[in-house]
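Presented below is the structure to which this report refers.
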Amino acid sequence: MIPLSWYLILSAALFSIGLFGVLARKNAIAILLGVELMMNAVNINLVSFWRYLDPTRMDGQVFAVIVFAVAAAEVAVGLALVISVYRRRKTVIADEIDLMKW
Amino acid sequence: MTAEQILFLVTAAVMLVAAVSVVTTRNLIHAALWLIVTLFGAAVLFAMLRAGFMAVIQVVVYIGAIAILFIFAVMLTRRELRDRGPQLNPGWWLAAILALLMFSGLVLVLGGWQGLWAAAPAYPSEFDSVQALGQALVSPEAFVLPFEVASVLLLAALIGAVYIAFQRKGKEE
């Protein structure tokens with residue numbers, strides 16, 4: 001039998017790795033990849049709490065489904081922004097995207 | 001050590017290696033492929049937690065749609081793939097310290113919690129979690145309002161994405 005702590009520690013580790021990616025990477029697409037890792041860690045947490053607290057209450061899974069929808073929305077808008085910036089500035093390096101209007 | 005525990009440990013090791021590769025590899029296509037490995041590991045964990053529906057939509061939505069979208073975006077901004085410069089910020093060590101602090105803080109918080117080593121309660125034998133999830137999503141006593149708001153959010157995000165990334169004719173450079 002796997003204790004709940006294994007899942008929680010694994011997802012804490014994944015969350016921290018994603019946080020490192022968000023903070024350290026230069027490329028805007030790589031930053032979004034880090035955000036995906038963090039959301040995935042949160043989803044593992046939600047589903048394992050659903051299983052380990054009360055499987056007949058569906059709150060955890062419903063929350064995870066909504067996280068799926070929000071992640072899809074976030075990726076669609078984020079990548080559209082990156083592509084739009086790339087068309088105008090020919091760069092996706094976050095440091096070089098430093099003008100609010102051009 | 002039971003077979004279930006060994007399966008968990010193998011999956012967790014693969015996920016952690018893949019996640020570290022996502023944030024450190026130089027080639028972004030490879031980073032997106034490593035992300036697929038991590039997402040697949042999460043699908044395995046969902047299956048082990050008896051959340052079969054979550055495992056399926058993890059594969060269909062995350063791997064089938066989001067990861068492919070990432071690969072498209074990398075290819076549309078392809079010039080950066082040839083960039084031989086450093087892929088990490090100069091202050092990456094600060095980010096590493098912050099991530100380590102985050103992890104140790106989370107473990108510290110978890111360590112102070114009573115229910116940490118709890119075993120899973122017995123899974124009800126007649127219980128169908130997919131049916132219960134479907135009913136919870138459309139039942140007015142449960143989650144119909146967040147569900148509808150999420151669908152409106154998705155629609156708005158997709159229209160916004162099309163508008164932002166749309167290339168007007170004649171404006172091509």
Between A:V67, A:I29, A:I83, whose Cα lies farthest towards the positive end of the dipole of the stretch A:4-96 when Lys and Arg beta carbons carry +1 and Asp and Glu beta carbons carry -1, centred on the Cα centre?
-> A:I83
Which trypsin sites (Lys or Arg not before Pro) does the stretch B:67-147 hold that lie in a coil by DSSP with at most 15 other beta carbons within 10 Å?
-> B:R84
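I'd like to know how the stretch A:4-96 sits against the 2.2 N^0.38 Å rule of thumb: what's its Cα Rg over that expected value?
Numbers: Rg = 16.0 Å, N = 93, 2.2 N^0.38 = 12.3 Å.
Ratio of Rg to 2.2 N^0.38 Å for the stretch A:4-96: 1.30.
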Using alpha carbon coordinates only, what is the Rg to Rh ratio of chain B, with Rh defined as the Kirkwood radius?
-> 1.03
Starting with the highest mean, order A:83-94, B:31-42, A:54-65 by the number of other Cβ atoms within 10 Å, averaged over the residues of each peptide.
-> B:31-42, A:54-65, A:83-94
Taking Cα atoms, how many degrees apart are the long axis of helix A:28-53 and the longest axis of chain A, rounded to 10 and kept between 0 and 90?
-> 10 degrees
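What is the ratio of the Cα radius of gyration of the stretch B:132-173 to 2.2 N^0.38 Å, where N is its residue count, to two decimals?
Numbers: Rg = 17.2 Å, N = 42, 2.2 N^0.38 = 9.1 Å.
Normalised Rg, Cα atoms only: 1.89.
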How far apart, in nm, are the 7 Å Cα→Cβ label points at A:S84 and B:L145?
-> 3.1 nm
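Can you give me the Rg/Rh ratio for the protein assembly as shown, using Cα atoms for both radii and the Kirkwood formula for Rh?
Details: Rg = 19.9 Å, Rh = 19.9 Å.
Value, to two decimals: 1.00.
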Given a Förster distance of 35 angstrom, what is the FRET efficiency for B:Y123 paired with B:R168, based on the Cβ-Cβ distance and rounded to 0.05?
-> 0.05
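Taking the number of other C-beta atoms within 10 Å as the exposure measure, put A:E74, B:E4 in order starting with the fewest.
Starting with the residue having the fewest Cβ neighbours, the order is B:E4, A:E74.
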Using the membrane-span-like helix rule (whole DSSP H runs, Cα extent along the own axis of at least 27 Å, mean Kyte-Doolittle hydropathy at least -1.0), which helices of chain B qualify?
-> B:3-24, B:28-48, B:92-111, B:144-165
Magnitude of the charge dipole, the stretch A:4-96, Cβ model with Lys/Arg +1 and Asp/Glu -1, debye to 20 = 400 debye
Rg/Rh over Cα atoms for the stretch A:57-102, Kirkwood Rh, comes to 1.26
Approximate spin-label separation B:V130-B:V152, in nm, with each point projected 7 Å along Cα-to-Cβ = 3.1 nm
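Quick note: the coordinates plus some simple rules give every number you see, no bench work behind them. The model shown is predicted, which means the values in this text are computed figures rather than measured ones. Note that each Cβ is placed from the backbone with ideal geometry, even for glycine, and that neighbours are counted across all protein chains shown.
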